[in-house]
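Some notes on the structure that comes next.
The values are calculated or read from the model by the stated rules, or taken from the named source; none is laboratory data. What you see is a predicted model, and the numbers here were worked out from it, not measured in a lab. Cβ placement follows ideal geometry from the backbone for every residue including glycine, while neighbour counts extend to all protein chains displayed.
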Amino acid sequence: MKKIALFTILALLGSGVWAQDQDHSLLQCAQQLEATDLLKIVEELASPAYEGRLTGSPGFRKAAEYLAGEFESIG
């Protein structure tokens with residue numbers, strides 16, 4: 001019984017290490033972000049053109065379309 005329990009514990013520990021493999025594409029994307037690019041997006045969304053972005057409002061839809069375009073440009 002002790003052998004089965006030990007084997008089970010070792011198998012679970014081993015699978016946890018394997019599951020921690022990092023997604024390097026996400027890391028590379030994060031490294032390409034520039035503070036000035038993020039500031040540009042925040043300034044755009046905070047502008048009066050988006051009318052406060054209240055859920056369901058025309059400003060909300062404009063903001064959603066703007067962000068969708070930004071995501072498309074990133075890929």
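Among the candidates SER15, SER47, single out the residue that is modelled with pLDDT under 75 and among the polar types (S, T, N, Q). Explain how you work it out, then say what you get.
Details: SER47 fails: modelled with pLDDT under 75.
When all the criteria are applied, what remains is SER15.
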For the range 34-54, check the following and say yes or no: at least one residue is acidic (Asp, Glu), part of a helix (DSSP H, G or I), touching a residue at least 24 places away in the same chain (Cβ under 8 Å) and at negative phi. no
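Would a scan of the range 50-63 turn up a residue that is loosely packed, with under 10 Cβ neighbours inside 10 Å and at pLDDT 85 or above?
yes
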